[in-house]
Amino acid sequence: MGRRALVFCRAAACLVVAAPFAGVRAQEDGGAASAPEQPRKREASEEIVVVGRLPRLPLPPSSVPASVHVIEEEEPQQSGHPNLPDSLAGRVPGMTLSDEQGNSYQPDLSLRGFQATSVTGVPQGVSVFLDGVRVNEPTAEEINFDLLPTEDVERIEVVPGPSVLFGRNTLAGALILVTRRGQEGIAAFADVAAGSAGFEKVRARLSGGRGPVDFYASGAQTLEDGWRAASHARLSKAFGKLGFQQGGTDLTLSYQYVNNRISQAGPLPVSELSQDRTANYTAGDFFAPRLNQLVLNVRQALGDTVVLSANAFGRLLHVEQFNVNLLTENSRLFSRTASAGGTVQVDSTAPLFGRWNLFTAGFEYAHSDVEVQVFNEPDLDTDVHDGQDTGAAYLQDAFQLARGALRSGDELIVTAAVRWDFIRHRIADDSPSRPGRENASGVDVFRRFDPLIGLNYNLSREHGVYLSFSQGFRAPAFLELTCAGPAAICPGLQAGTAPDPPLKPVRATNYEIGLRTRPVSWFSGQISAYRTDVLDDIFAVTPSGTTGVYFQNIGKTRRQGLEASLRARPVRWLEASLTYAFTDARFEEEVLLATPRPTPDCSAQSCTERVRAGSQFPLVPRNRGSAELDFHPYGWLSLSLSGILVGSQYLRGDEVNAGPRLDSYFSLDGGIRVSLGGFVAWARFGNLLGARYSTFGTFAPNPKQSGTPVEPFLTPGRPFQLFAGLGYAFGSRTESTQ
């Protein structure tokens, strides 16, 4: 297994990576400005910078009023994790995975009671950025994790809570990904892997640099039969990056290509699950995206204290989605999304009143054209288009208000920020007319100011506390705006009745307090408590007797909890980490929802449930914990063992908390890695104990049973699986994969 660092930055040493900013804090501490460090292996106790949205924003966590988690992976995929959320599971407290789609490549990630998922119609609330570009889809703010260049990511940051820098949709937090780039010399790596369920993978990469120019190129092909019936997958990816660094200029241009086809086994009715966990209820469902994306990042130092950062992107995504339906006609969706935009940001570290100060100002704009056609085969049912404009301006200032106030070496930092967001949808509905259906064409505009204020009190380099107050919002997405009422039920991404009045945007107010500490050099930890009050949350509801959904605001809700993480390296050959999260997600006022479950309040068309204030959200475990051990008895040998414990959860559609829950479960994984010379061999064992559990549950009618009863549908967790790989690295420098 590859060695990983999950550490918390403290004090001025964090700034050595960003040369134009390094001298400001270093000189305050009596030292000289440091030159930029080259990437290297880091110990668990070392200090690292926070990158932020645009690459290399030099703001250390000791100056951030949030619980920042930084993960640097020397080889994200060498342990056999099929996707990015799997590689994060167990390392970030409160991050939970579920599997509605029933495959290895489209997981659902939950953080603080919000989700980042490819499934439309759930309360999205996590923003994801790749090299500074937001990759939440403009259709419904969903995240297609299978499109991310997982093999090429060298750095991952998780910043929980609403943030002015990350903007709209950042209700639970932001996930920031930074890709690799070439270094001096030439290096190459290639490997092959195989494993359970017909898993096969080949990949290669070549990188290098000479003088101011560097390059990086990679390609990967993954094939899998799937452990469930008719759940095969093919993922084809290519990624390339050109870089230029000279003086105060840093420029990269990257290109990404993805062509995937993923079968979606989905959940099983409990009557069928008990007989065969490998079954596929509606064999034939698939998701086939094709992506081309170009990203330009520029960073220019303007003197000793000012840096101008900018990015620009172009993105074209084609998707074909096919769904087998046992109640009505099968549906086939074709969508095309073309997006372009950019961000400009200025950072200044000019001292204010003789004290350290970091001022940030930025502006961003993006335009997306989304075209969607849905066929209830063979007839065209939906033909809609959305011309979407998004813009934002933001200001943030972090100022060292006091130093040495209570004791020598302490400091008090105040952060104040404000952001203005603008979102406009121009929806055109060219769908065939049908009785009872209104045209969904129209213009919807949303504007919002959001503030942030935070305090960091650092007792010393090893200990600090923070307090923060922040607000965030999420505007209704394209899908939600066109499926916003009982008269506008959508079996897929389809237009219905344009709502009047329209859906309200989701607004969140977050209060948080946290502690970071490193009592000894080999041990670090942090703990945080938060409360997020949400107004006008948007819920997808499914009436009984239908296969579709519509969306509605549900008034006041609340997410609150506690998150803690510990990391230790008491000796060079042993690393250990432990995380725990308590998450309480509740309705704060009574609401009437449609439900697929039979209830006493059923009419001929649908059933409703009266959700009482205090009812828990479905699919949000209240308790989640993880532990990981990495052994390095020799320089050439690494062993790992990791376990995840997830508490029980209510099923989707049971907002009244009246039905059975998903059982709590524990899953244990293990791995081994051997490296000799340029060769590396690894093996990963998933679900070592063979635990039988489910990660997702909902209610739906089962037409295979007499009378089409409504029953729970569950997605089974993966069984014991084994993956192994062999690779070889060569070149003029040591690759992380050696």
Legend entry - Members of region 374-397 that are of a type in the set (Gly, Ala, Ser) and under 19 Å from residue 483 (Cβ atoms): 387
Legend entry - Count of residues meeting criterion [of a type outside the set (D, E, K, R), crowded, with 22+ Cβ neighbours inside 10 Å and over 27 Å from residue 576 (Cα atoms)] in region 652-698: 5
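Out of 168, 180, 155, I need the residue that is in contact with a helix residue (DSSP H, G or I) (Cβ under 7 Å, 6 or more places away or on another chain), among the charged types (D, E, K, R) and in contact (Cβ under 8 Å) with a residue 60 or more places away in the chain. Which one?
Numbers: 168 fails: in contact with a helix residue (DSSP H, G or I) (Cβ under 7 Å, 6 or more places away or on another chain); 155 fails: in contact with a helix residue (DSSP H, G or I) (Cβ under 7 Å, 6 or more places away or on another chain).
It is 180.
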Inset, instruction - Look through 311, 357, 376 and report the one residue that is at pLDDT below 90, buried (at least 16 other Cβ atoms within 10 Å of the Cβ) and either in contact with a Leu (Cβ under 9 Å, 6 or more places away or on another chain) or not charged (D, E, K, R) (or both). - result: 376
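Each row is one residue, and each column tells you yes or no for (1) surrounded by 16 or more Cβ atoms within 10 Å (Cβ to Cβ); (2) over 24 Å from residue 136 (Cα atoms).
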| position | (1), (2) |
| --- | --- |
| 264 | yes, no |
| 285 | yes, no |
| 294 | no, no |
| 301 | yes, yes |
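In region 374-392, what count of residues is obtained for those that are touching a His at 6+ places or on another chain (Cβ under 7 Å) and within 12 Å of residue 429 (Cα to Cα)?
Summing the residues that are touching a His at 6+ places or on another chain (Cβ under 7 Å) and within 12 Å of residue 429 (Cα to Cα) in region 374-392 gives 1.
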Legend entry - Those residues of region 513-531 which are of a type in the set (Ser, Thr, Tyr) and either part of a strand (DSSP E or B) or free of Cβ contacts under 8 Å to residues at least 12 places away in the same chain (or both), in sequence order: 517, 524, 528, 530
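To keep it simple, each residue is scored yes or no on (1) within 24 Å of the chain's Cα centre (by Cα); (2) part of a strand (DSSP E or B).
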site: 610; (1), (2): no, yes
site: 621; (1), (2): yes, no
site: 630; (1), (2): no, yes
site: 638; (1), (2): no, yes
site: 658; (1), (2): no, no
site: 668; (1), (2): yes, yes
site: 672; (1), (2): no, yes
Inset, instruction - Quick one: in region 215-226, of everything that is of a type outside the set (A, V, I, L, M) and modelled with pLDDT of 95 or more, which residue is farthest from residue 302 (Cα to Cα)? - result: 225
Legend entry - Where a residue in region 700-711 is modelled with pLDDT of 85 or more and its partner, wherever it lies, is part of a loop (DSSP other than H, G, I, E, B) and of a type in the set (Lys, Arg), with Cβ under 8 Å and at least six apart: 710/597
Inset, instruction - Those residues that are under 25 Å from the mean Cα position of the chain (by Cα) and without any contact (Cβ under 8 Å) to a residue 60 or more places away in the chain, I need them from region 396-423; list them, please. - result: 420, 422
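Being part of a strand (DSSP E or B), within 24 Å of residue 103 (Cα to Cα) and among the aliphatic types (A, V, I, L, M) is the filter; apply it to region 177-212 and report the residue that is nearest to the chain's Cα centre (by Cα).
First, pick out the residues of region 177-212 that are part of a strand (DSSP E or B): 177-179, 185-195, 199-210.
Those left that are additionally within 24 Å of residue 103 (Cα to Cα): 177, 191-195, 199-203.
Filter once more, keeping what is among the aliphatic types (A, V, I, L, M): 177, 192-194, 202.
Values: 177: 9, 192: 27, 193: 26, 194: 27, 202: 25 Å.
This residue is 177.
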Legend entry - residue 650 closer than 20 Å to residue 111 by Cβ and touching an Asp or Glu at 6+ places or on another chain (Cβ under 8 Å): no
Inset, instruction - Pick out the one residue from 613, 568, 594 that is small (Gly, Ala, Ser) and within 30 Å of residue 68 (Cβ to Cβ). - result: 568
Legend entry - Residues satisfying the stated conditions in region 243-261, i.e. modelled with pLDDT of 95 or more and either part of a loop (DSSP other than H, G, I, E, B) or of a type in the set (Phe, Trp, Tyr) (or both): 244, 255, 257
Legend entry - Extreme residue, farthest from the chain's Cα centre (by Cα), among residues of region 338-354 that are crowded, with 17+ Cβ neighbours inside 10 Å and in contact (Cβ under 8 Å) with a residue 60 or more places away in the chain: 349
Legend entry - Residue under evaluation residue 382, criteria (1) of a type in the set (S, T, N, Q); (2) surrounded by 20 or more Cβ atoms within 10 Å (Cβ to Cβ); (3) under 30 Å from residue 308 (Cα atoms), criterion not met: (3)
Legend entry - Residue within region 483-500 that is in a loop (DSSP other than H, G, I, E, B), hydrophobic (A, V, I, L, M, F, W, C), at pLDDT 90 or above and more than 30 Å from residue 525 (Cα to Cα) present: no
Legend entry - region 319-337 - residue that is β-branched (Val, Ile, Thr) and in a strand (DSSP E or B) and, of those, surrounded by the fewest Cβ atoms within 10 Å (Cβ to Cβ): 319
Inset, instruction - Considering only residues that are β-branched (Val, Ile, Thr) and closer than 21 Å to residue 684 by Cβ, look in region 190-246 and name the one that is surrounded by the most Cβ atoms within 10 Å (Cβ to Cβ). - result: 222
Inset, instruction - Please work out which one of (1) at pLDDT 95 or above; (2) buried (at least 22 other Cβ atoms within 10 Å of the Cβ); (3) basic (Lys, Arg) is the condition residue 567 fails and give its number. - result: (1)
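Quick check on my filter: what residues within region 338-377 are of a type in the set (D, E, K, R) and assigned to a strand (DSSP E or B)?
Residues of region 338-377 of a type in the set (D, E, K, R): 347, 355, 364, 369, 371, 377.
Within region 338-377, 347, 355, 364, 369, 371 meet the criteria.
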Inset, instruction - Test residue 724 against the criterion of being assigned to a strand (DSSP E or B), surrounded by 19 or more Cβ atoms within 10 Å (Cβ to Cβ), small (Gly, Ala, Ser) and over 25 Å from the mean Cα position of the chain (by Cα), and give yes or no. - result: no
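Is it true that residue 264 is modelled with pLDDT under 95 and within 21 Å of residue 223 (Cα to Cα)?
On the way: modelled with pLDDT under 95: yes; within 21 Å of residue 223 (Cα to Cα): yes.
Criteria met by residue 264.
In region 33-124, which strands (runs of 3 or more DSSP E) lie fully inside it and hold 2 or more residues that are crowded, with 24+ Cβ neighbours inside 10 Å, of a type in the set (A, V, I, L, M) and modelled with pLDDT of 80 or more?
Values: elements: 69-73, 95-98, 108-111, 114-117.
Here the list reads 108-111.
Condition test on residue 223, is it touching an Asp or Glu at 6+ places or on another chain (Cβ under 6 Å) and within 18 Å of residue 147 (Cα to Cα)?
Working: touching an Asp or Glu at 6+ places or on another chain (Cβ under 6 Å): yes; within 18 Å of residue 147 (Cα to Cα): yes.
Considered against the rule, which asks whether it is touching an Asp or Glu at 6+ places or on another chain (Cβ under 6 Å) and within 18 Å of residue 147 (Cα to Cα), residue 223 comes out as yes.
The values are calculated or read from the model by the stated rules, or taken from the named source; none is laboratory data. Every value quoted in this text rests on a predicted model; they were computed, and no experiment measured them. Methodologically, a virtual Cβ is constructed for each residue, glycine included, from the backbone with ideal geometry; neighbour enumeration extends over all protein chains shown.
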